[in-house]
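Novice: The structure is given below, and queries will be raised subsequently.
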């Protein structure tokens, strides 16, 4: 008995059909149900594994999608990428994940490389490329954004993103319900940071909340601690909304450095609900981003652009407020 792996011809011979019929079954072409079952049984019995390269030459598809992320350190990026993989695996496809480290030149080169390898599409997480540049480097390859840094204006580039305003409104409503009247904000960078900051300024008056102070920071723990130390030079507010969970963790340390007890002296709210947020002391109240759902939605849109529920422009998901022990009524 030969040790060589079974071939397409072996499957055809054992099933008593042509190689063209076997190919149609494997590629989802029109075949009688009984014949398709027979071929699949033979494939399983022989342990035949299709040659993906040859299959791609027949179908014109690589069965691979490129996923570009700023980095793989952030849990949110990893969750989005995992959501993309969930959908691809269900369709017998694979993801090639590359990073750009928030460098637009590197991003463009990474995309050009993926396109040259004939990926079937691209999911771009946190892309910083403008529409004209993206059009140049992607050619005709389908693209779906997740949380783009530049709001796409070309309908060829649909986007999934979080509804920052809806999330901020949930937090403000809860703070007002608890009796807070003066709040502060550690304002983050980039598009998400700006949207959250703008939402606080716009919506706080609706809930009779005064925005007492704003200090700019970035999305890191170290920056949150430094910005928190600056913010805590003032004590005329009872709650602080942080740009994200990482900056909130840094603010925790700044508050401890000042001898404050959370939440008795000060309420803290984050944004993201990273896996460790529930294990801070006290557990952090935050707005949960459904990262994995965002990835799944982007992949479905990429694979099924003609589906009845396919959208153009932006599709937003609303974060949920996860109330934990860092939120309490203001001190009397």
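What follows draws every value from the coordinates through simple rules; no lab data is involved. The structure presented is a predicted model; accordingly, all values stated were derived computationally and were not measured. We place every Cβ from the backbone using ideal geometry, glycine too, and count neighbours over all the protein chains shown.
Novice: Find the relative contact order for the chain and round it to a whole percent, using C-alpha pairs within less than 8 Å whose residues are 6+ positions apart.
Specialist: Answer for the chain is 17 percent.
Novice: So how do 302-311, 219-228, 147-156, 105-114 stack up, highest first, on mean other-Cβ count within 10 Å?
Specialist: On the way: 302-311: 12.2, 219-228: 20.8, 147-156: 15.6, 105-114: 17.6.
Result, highest mean first: 219-228, 105-114, 147-156, 302-311.
Novice: Assign one of three labels to the range 80-122, namely rounded, prolate or oblate, based on the Cα gyration tensor with a ≥ b ≥ c the square roots of its eigenvalues; rounded applies when a/c is under 1.5, prolate when it is not and a/b is larger than b/c, and oblate otherwise.
Specialist: Oblate, because a/c is 1.5 or more while a/b does not exceed b/c.
Novice: Could you identify which residue out of 179, 47, 193 has the top mean-square fluctuation in a GNM of the chain using Cα springs shorter than 10 Å?
Specialist: Evaluated over the chain, the most mobile residue of the options is 47.
Novice: With runs of 4+ DSSP H residues as the only contributors, calculate the mean residue ellipticity of the chain at 222 nm using -39,500 (n - 2.57) per run, divided by the residue total and rounded to the nearest 500.
Specialist: -13000 deg cm²/dmol
Novice: Does the range 59-166 classify as rounded, prolate or oblate by the C-alpha gyration tensor (a ≥ b ≥ c root eigenvalues; a/c under 1.5 gives rounded; else a/b over b/c gives prolate, otherwise oblate)?
Specialist: rounded
Novice: Let me ask another. Defining a contact as two alpha carbons under 8 Å apart and six or more residues distant in sequence, what relative contact order in percent does the range 164-289 show? Before the final figure, lay out the partial values.
Specialist: Working: 239 pairs, mean separation 29.7, N = 126.
That works out to 24 percent.
Novice: Could you state the number of Å between the C-alpha centres of the range 178-228 and the range 245-314?
Specialist: 15 Å
Novice: Okay, moving on. Can you give the angle from 0 to 90° between the axis of helix 190-203 and the longest principal axis of the chain, with both taken from C-alpha atoms, to the nearest 10?
Specialist: Between helix and principal axis, roughly 50 degrees.
Novice: So between residue 258 and residue 96, what do we pick up on full extension, going 0.36 nm a residue minus the alpha carbon distance?
Specialist: Length gained, residue 258 through residue 96: 53.7 nm.
Novice: How much length is gained if the chain between residue 314 and residue 163 is pulled fully straight, taking 0.36 nm per residue apart and subtracting their Cα-Cα distance, in nm to one decimal?
Specialist: Using 0.36 nm per residue and subtracting the Cα-Cα distance, I get 53.3 nm.
Novice: Relative to the longest principal Cα axis of the chain, at what angle does helix 291-303 sit, 0 to 90 degrees, rounded to 10?
Specialist: Relative to the chain, helix 291-303 is tipped by roughly 40 degrees.
Novice: Give me the mean projected area, in nm² to one decimal, of the convex hull enclosing the Cα positions of the range 128-183. If you can, show how the numbers build up before the last one.
Specialist: Numbers: hull surface 19.9 nm².
The orientation-averaged projected area of the Cα hull of the range 128-183 comes to 5.0 nm².
Novice: How far, in degrees from 0 to 90, does helix 75-90 lean away from the longest principal axis of the Cα atoms of the chain, to the nearest 10?
Specialist: 20 degrees
Novice: To check my understanding: the extent here is largest minus smallest coordinate of the Cα atoms along each principal axis. What are those three numbers for the range 191-251, in Å, largest first?
Specialist: For the range 191-251, the Cα spread along each principal axis is 32, 29, 14 Å.
Novice: Over all pairs of distinct alpha carbons, what does the Kirkwood formula give as the hydrodynamic radius of the range 164-289, in Å?
Specialist: Answer for the range 164-289: a Kirkwood hydrodynamic radius of 13.9 Å.
Novice: For the range 153-238, what's the radius of gyration and Dmax over Cα atoms, in angstrom?
Specialist: 14.6, 49
Novice: Using Cα pairs under 8 angstrom and six or more residues apart, how large is the relative contact order of the range 58-197, in percent? All intermediate terms of the calculation are to be shown ahead of the outcome.
Specialist: Working: 195 pairs, mean separation 28.3, N = 140.
That works out to 20 percent.
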